[in-house]
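The values are calculated or read from the model by the stated rules, or taken from the named source; none is laboratory data. In this text, all values refer to a predicted model and were calculated from it rather than measured experimentally. Methodologically, a virtual Cβ is constructed for each residue, glycine included, from the backbone with ideal geometry; neighbour enumeration extends over all protein chains shown. All accessible areas refer to the heavy atoms of the entire protein, side chains included, with ligands and DNA or RNA removed. Shrake-Rupley method; radii C 1.70, N 1.55, O 1.52, S 1.80 Å.
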Amino acid sequence: MSDTNILLLCGGDGSEHAISLVSASYIREQLEKSPDFKVIQVIAHRNYWETEDGSRASLGMDQVLRTDREEFRIDYAVPCIHGIPGETGDIQSFLEISGVPYLGCPPEGSALAFNKISAKLWFDAAGIPNTPFTFMDSREPANLNKAHEFFRKYGAVFVKAASQGSSVGCYQVDREDSLDECIAQAFGYSSSVLVEKRLKPRELETAVYEYQGQLVVTNPGEIITPGNNFYTFEEKYNQDSHSSTRIVADVSPEIQQEIRGYAERAFRLLKLKDLSRIDFFYTEEDGVILNEINTFPGMTPISMFPKMLENHGERMQDFLRDRVLTALKK
């Protein structure tokens with residue numbers, strides 16, 4: 001049997017570039033447990049791609065990856081790029097145009113899920129509960145007035161860049177006199193900004209993935225932050241983080257079922273594929289609220305998606321092999 005050549009694309013030069021490299025290392029380790037898989041790792045930069053040895057690389061419409069030293073016919077791709085441009089649909093569109101099957105969600109679903117505003121509008125339309133919000137497409141006075149009215153209604157808010165991941169461009173606002181400055185900073189990361197009611201919830205996450213012809217939705221795990229505070233980028237990835245995780249959250253079977261139901265509904269609503277991590281808030285007052293969908297969740301050794309998948313009974317190497325072989329049979 002000939003080798004299956006897998007392009008492992010990572011990096012991206014966005015705010016999550018370094019995390020992408022850590023995730024790629026883990027995914028490569030799992031893929032290479034299949035002896036017939038040959039992994040070619042490429043780091044994507046804004047204007048060029050390069051291999052690990054520094055050779056420039058490019059993927060042609062003939063599905064051939066060409067480097068300074070050799071060529072590979074690419075059978076399958078894993079776009080392991082978190083945030084921009086990996087979860088925006090851009091890489092996925094390129095791979096579809098190139099005719100290369102890939103791991104992860106399709107372009108439209110990726111773009112809808114990555115933009116916090118479009119995702120919430122879809123959730124509203126489908127009757128999936130989410131945090132009260134308003135949004136802004138500019139810093140025009142009318143929009144700023146709307147944001148201030150929203151703040152006065154709820155007393156505290158989160159201001160979020162609409163199209164960023166891993167809490168980048170997110171600000172907790174407890175004083176109205178700091179609202180405009182936080183909005184200005186968020187617009188530095190995105191062309192539109194979301195303003196949400198601030199909650200102090202429990203943060204629950206579920207892994208949703210396709211395996212052996214079935215859609216699997218795990219019971220939720222939980223992120224526990226100091227004082228139940230905002231789960232910042234630093235808390236997610238810093239070695240000195242004081243946050244902890246539970247692979248299985250201590251919640252009632254009724255709440256587990258409600259979360260799994262909303263997660264499956266959201267996955268199918270946006271026509272996602274292969275995998276996602278879907279994050280929820282829970283409070284006694286507000287109940288279960290869908291927070292966001294990560295269409296290519298973190299795959300670092302401390303990430304929740306692989307932990308929840310393996311806790312459910314699957315092995316990451318088997319999940320990846322199943323996705324590759326399923327795609328190649330089509």
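Read phi for every residue in the range 84-95 and hand back ³J(HN,Hα) as whole Hz from Karplus 6.51 cos²θ - 1.76 cosθ + 1.60, θ = phi - 60°, with x for Gly and Pro.
Using θ = phi - 60°, the values come out as 7, x, x, 10, 9, x, 5, 4, 5, 4, 4, 5 Hz.
Going by amide H atoms built from the backbone, whose H comes under 5 Å of the H on residue 102, apart from near neighbours?
Under 5 Å from the amide H of residue 102 lie the amide H atoms of 77, each far enough along the sequence or on another chain.
Taking the dipole about the Cα centre of the chain, with the C-beta of Lys and Arg at +1 and of Asp and Glu at -1, give me whichever of 297, 215, 74 is farthest to the positive side.
Of the listed residues, the answer is 215.
Could you state the angle between the C-alpha long axis of helix 17-31 and the longest principal axis of the C-alpha atoms of the chain, as a value from 0 to 90 degrees rounded to the nearest 10?
50 degrees
Please list, or write none, the lysines whose alpha carbon is within less than 30 Å of the alpha carbon of residue 120, excluding same-chain residues fewer than 8 places away.
Straight-line reach from residue 120, under 30 Å: 146, 153, 160, 197, 200, 236, 271, 273, 307.
Need one word for the range 24-165: rounded, prolate or oblate. Basis is the Cα gyration tensor (sqrt eigenvalues a ≥ b ≥ c); a/c below 1.5 gives rounded, then a/b vs b/c decides. Each step should come with its number before you reach the end.
Values: a/c = 2.90, a/b = 2.48, b/c = 1.17.
Here the range 24-165 falls in the prolate category.
Applying the Karplus parametrisation 6.51 cos²θ - 1.76 cosθ + 1.60 with θ = phi - 60° to the phi angles of the range 297-311, what ³J(HN,Hα) value in whole Hz is obtained for each residue in order, glycine and proline being reported as x?
Karplus-based 3J(HN,Hα) across the range 297-311 equals x, x, 10, 7, x, 9, 6, 6, 4, x, 5, 5, 4, 6, 5 Hz.
If you place +1 on the Cβ of every Lys and Arg and -1 on the Cβ of every Asp and Glu, how big does the dipole about the Cα centre of the chain come out, in debye to the nearest 20?
460 debye
Quick one: dipole size for the range 17-107, taken about the Cα centre, charges +1 on Lys/Arg Cβ and -1 on Asp/Glu Cβ, in debye to the nearest 20. Please report the intermediate quantities before stating the final value.
Numbers: 8 positive and 14 negative charges, 16 e Å.
Magnitude of the dipole: close to 80 debye.
Remind me, relative contact order of the range 7-122 in percent, using alpha carbon pairs under 8 angstrom and six or more residues apart? Before the final figure, lay out each step's value.
On the way: 192 pairs, mean separation 28.2, N = 116.
Result for the range 7-122 is 24 percent.
Considering only protein heavy atoms, what is the solvent-accessible area of residue 149 at a probe of 1.4 Å, reported in Å² to the nearest 10?
For residue 149, solvent-accessible area is about 120 Å².
Separation between the residue 56 and residue 254 pseudo-spin-labels, each 7 Å from Cα along Cα→Cβ, expressed in nm?
Taking the simple label geometry, residue 56 and residue 254 are separated by 6.3 nm.
May I ask you to rank 330, 116 by accessible area, largest first, using a 1.4 Å probe over the protein chains only? Intermediate values should be presented prior to the final figure.
On the way: 330 190, 116 25 Å².
Result of the area sort, largest leading: 330, 116.
Just the number, please: percent antiparallel of the DSSP beta bridges in the chain, rounded to the nearest 5. Provide the component values of the computation, followed by the final result.
Working: 49 of 64 bridges.
Percent antiparallel among DSSP bridges in the chain is about 75.
Taking only protein heavy atoms into account and a 1.4 Å probe, give the accessible area per residue of the chain in Å². If you can, show how the numbers build up before the last one.
On the way: 14610 Å² over 330 residues.
Dividing the accessible area of the chain by its residue count gives 44 Å².
Whole Å is fine, so just give me how far the alpha carbon centre of the range 244-304 lies from that of the range 14-55.
Centre-to-centre (Cα) distance: 27 Å.
Ranked by accessible surface with a 1.4 Å probe, highest first, in what order do 32, 222, 176 come? Mind showing how you got there, number by number?
On the way: 32 90, 222 10, 176 55 Å².
Solvent-accessible surface, decreasing: 32, 176, 222.
Could you state how much accessible area residue 289 has, in square angstrom rounded to the nearest 10, with a 1.4 Å probe and all protein chains kept in place?
Its accessible surface works out to 10 Å², give or take rounding.
Take every Cα pair under 8 Å in the chain that's 6+ residues apart, average their separations, divide by the length, and report that relative contact order as a whole percent. Mind showing how you got there, number by number?
Numbers: 664 pairs, mean separation 58.6, N = 330.
With pairs under 8 Å counted, the relative contact order is 18 percent.
Could you give the dipole magnitude of the range 1-155 about its Cα centre, charging the beta-carbon of Lys and Arg +1 and that of Asp and Glu -1, in debye to the nearest 20? Can you show the working numbers first?
Working: 14 positive and 22 negative charges, 147 e Å.
Computed about the Cα centre, the dipole is about 700 debye.
Antiparallel versus total DSSP beta bridges in the range 18-174: what percent is that, nearest 5?
Details: 15 of 16 bridges.
The antiparallel fraction comes to roughly 95 percent.
Which residue, 187, 123, 204, has the largest displacement toward the positive end of the dipole of the range 107-213 when charges sit on each Cβ (Lys, Arg +1; Asp, Glu -1)?
About the Cα centre, the residue reaching furthest to the positive side is 204.
If you average the sequence gap of Cα pairs under 8 Å that are 6 or more apart and divide by the length of the range 134-234, what percent do you get for the contact order?
On the way: 153 pairs, mean separation 27.4, N = 101.
Answer for the range 134-234 is 27 percent.
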